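Just so it is clear, none of the values below were taken in a lab; they were calculated from the coordinates. From a predicted model like this one, the values you see are computed outputs, not experimental measurements. Note: ideal-geometry Cβ built from the backbone for every residue, glycine included; neighbour counts use all protein chains shown.
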Amino acid sequence: MNFLIITGMSGAGKSVALDFFEDKGYFCVDNLPPALISKFAELVLHSEYSKVAVVCDVRGGKFFDALFNKLSYLEEKEIDYEILFLESSDRSLIKRYKETRRRHPLDEEGSVLDAIQKERALLEELRGKANEIINTTDIGIKKFHQELERIYTFQQQDKKGLSISITSFGFKYGIPLDADMVFDVRFLPNPHYVNSLREHTGEEKIVQDYIMKWPIARQFYDRFFDFIEFLLPEYNKEGKSHLAIAVGCTGGKHRAVTTAIKLRDFLNNNNYRTNLKHRDINK
């Protein structure tokens, strides 16, 4: 089990980091009281989750004092864990608090700077136990994500970072609103006009074989997959974690379904995570 504890300075990017790990397939919990870490870890050990990320910080108040005892407990139980510590300069943190107009969790009617310095002192020992320390001063979300990608390369040993949703649809029912890319395959030969195929769908081999027997279809799929293979790594470089691809024909029953299935199979063979939905297949 990958058990990651994210901690560090308030305003240094813990929420951004948690969103990153959630997009990578982690089960994520924000503001978990340290006193509950041991019970939570034991619970996860007996679940289907293999990758977990939790944020523990000074928002836990007096419960934060229990963190070191709970870390010792994890070690005694031989539960492997890592600590990611995020920090930033006083100047950067003060600027972020002014921009968001949020109150620092340790601000007791004093200045933000006083609260930041108090927090640094409280976290000094924990910082010394961290496996990784990232300073987020003056770096944007994209560079922050790239640094997380670089450090936690184990995220992508099994699957590539980009998660892809594929939706087949019929243009007569409207284009999916959440699509990042839309492909129109109404130029392909239409099984709807073949009486023996009309009531079948693109999920069936008889329809797929009919479409694939045409040279234009085979030529299109070769070029389509080459284009997709070129495009997806570029989206990945830009830090995009999810991409929605929609494939449409007239009614969303034959050509779009066949194409969406072939795209799903191509992406799976290239180690991408996919989710396939046929929106209008039964209309």
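Miscellaneous remarks
- Highest mobility in the GNM of the chain, judged by mean-square fluctuation with C-alpha springs under 10 Å and restricted to ILE139, ILE37, ILE211, is found for ILE139.
- If the segment from SER50 to TYR173 were pulled out straight at 0.36 nm per residue, it would be longer than the present Cα-Cα gap by 40.3 nm.
- Summed residue charge, Cβ within 11 Å of ASN31's Cβ, Lys/Arg positive, Asp/Glu negative: 0
- Only Cα sites of the chain enter the Debye sum here, all with the same form factor; the resulting log10 I(q)/I(0) across q = 0.14 1/Å is -0.97, listed in q order.
- Principal axis box of segment 2-156, alpha-carbon based, largest edge first, Å: 45, 34, 24
- The simple spin-label model puts a point 7 Å past each Cα toward its Cβ; for LYS240 and GLU125 those points are separated by 4.7 nm.
- Residue of HIS104, HIS46, HIS200 that the Gaussian network model of the chain assigns the largest fluctuation, springs spanning Cα pairs under 10 Å: HIS46
- Taking amide hydrogens as placed 1.01 Å from N in the peptide plane, the amide H of ILE133 sits under 5 Å from those of PHE85, each at least 5 positions away in sequence or on another chain.
- Most fluctuating residue given options LEU177, LEU45, LEU232, as computed from a GNM of the chain linking Cα atoms under 10 Å: LEU177
- For the residue pairs LYS237/LYS283; LYS24/LYS262; LYS14/LYS70; LYS98/LYS143; LYS14/LYS240, alpha carbon separations beyond 27 Å are given by LYS237/LYS283.
- Relative contact order, percent, the chain [alpha-carbon distance under 8 Å, six or more residues apart]: 20
- Three principal axis extents of segment 163-278 based on alpha-carbon atoms, in descending order, are 47, 28, 20 Å.
- Each stretch of four or more DSSP H residues adds -39500 (n - 2.57); spread over every residue of the chain, this sum gives -13000 deg cm²/dmol at 222 nm.
- Once both labels are positioned 7 Å from their Cα atoms along Cα-to-Cβ, the gap between ASN195 and LYS143 label points is 6.9 nm.
- Computed from label points 7 Å out along Cα-Cβ, the spacing between LYS213 and GLU229 is 2.8 nm.
- Across segment 257-274, rounded Karplus estimates of 3J(HN,Hα) from the backbone phi angles (6.51 cos²θ - 1.76 cosθ + 1.60, θ = phi - 60°) give 5, 4, 5, 4, 5, 5, 5, 4, 5, 4, 5, 4, 5, 9, 6, 9, 8, 10 Hz, Gly and Pro being marked x.
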